[in-house]
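Notes to accompany the following structure.
The values are calculated or read from the model by the stated rules, or taken from the named source; none is laboratory data. The structure presented is a predicted model; accordingly, all values stated were derived computationally and were not measured. Cβ: placed from backbone, ideal geometry, glycine included. Neighbour counts: every protein chain shown.
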């Protein structure tokens, strides 16, 4: 029983022990003693005194125990508030949720990104066409973007010369290149993992192969058709690299708008440009 926050069982036990038991014995003893008095009126009056004192003692004891219980409750409440205030004053507040999210957020990574548009290999200046007898090739530049060094493990590339740049042609060339990836294995990869530091710029060369897989040479007819738009250059490449031990791929596919005057206008293909 905790009505009004007080322990009424303790109050009742204390009243019984301190007032009712001893008072009842005293009142009953006085009652028996009054029986021996010959005057009935006086005997009755003495009995009233004893039982009245008993009732008064019980009431006083109950009131005193009630006040003691209230004082104990008040002291307990004050102690609880003091402890609560002390804890809120001296203990640090819990960290906000956004701090925890920031701690477990994603670790920044690095990327191998294509740097600028593809270019014909420079013989004298950047605006010069390849010469007759040169290898039919395109240079593609790339760099590391991000805070980490990366390990370049493989470069696969191919330069195609087609009669048009339609979506159907692009899809056919992308399918051919994917097939070549399976055939080549490591034959077109670098000699071994190459570490590239953040901000470093490198390039690789994509060649046009003949039916015998030999490098194709530029002819005078090629130069005329590139200018006329009857030959379209399409370059497709994939770089495989590791950032913090995780393998990623940079993919690029683009075609050169006629006339193919350097540096030229390059368009992205309808596919094979989604890197990871």
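Summary of computed values
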quantity: Identity of the residue in segment 180-196, over 15 Å from residue 238 (Cβ atoms) and either modelled with pLDDT of 80 or more or not assigned by TED's automatic domain parsing to the domain that holds residue 238 (or both), that ends up surrounded by the fewest Cβ atoms within 10 Å (Cβ to Cβ); calculated: 195
quantity: The one condition in (1) part of a strand (DSSP E or B); (2) touching a residue at least 40 places away in the same chain (Cβ under 8 Å); (3) surrounded by fewer than 18 Cβ atoms within 10 Å (Cβ to Cβ) that residue 252 fails to fulfil; calculated: (3)
quantity: Filter result for residue 50 (modelled with pLDDT of 80 or more and assigned by TED's automatic domain parsing to the domain that holds residue 10); calculated: no
quantity: Residues satisfying the stated conditions in segment 211-244, i.e. more than 51 Å from the chain's Cα centre (by Cα) and closer than 18 Å to residue 118 by Cβ; calculated: 218, 222, 223, 227
quantity: Odd one out for residue 144 among (1) within 35 Å of the chain's Cα centre (by Cα); (2) modelled with pLDDT under 90; (3) buried (at least 17 other Cβ atoms within 10 Å of the Cβ); calculated: (2)
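Each row is one residue, and each column tells you yes or no for (1) touching a helix residue (DSSP H, G or I) at 6+ places or on another chain (Cβ under 7 Å); (2) without any contact (Cβ under 8 Å) to a residue 24 or more places away in the chain; (3) surrounded by 15 or more Cβ atoms within 10 Å (Cβ to Cβ); (4) over 30 Å from residue 111 (Cα atoms).
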site: 198; (1), (2), (3), (4): no, no, no, no
site: 216; (1), (2), (3), (4): no, no, yes, yes
site: 227; (1), (2), (3), (4): no, no, no, yes
site: 244; (1), (2), (3), (4): no, no, no, no
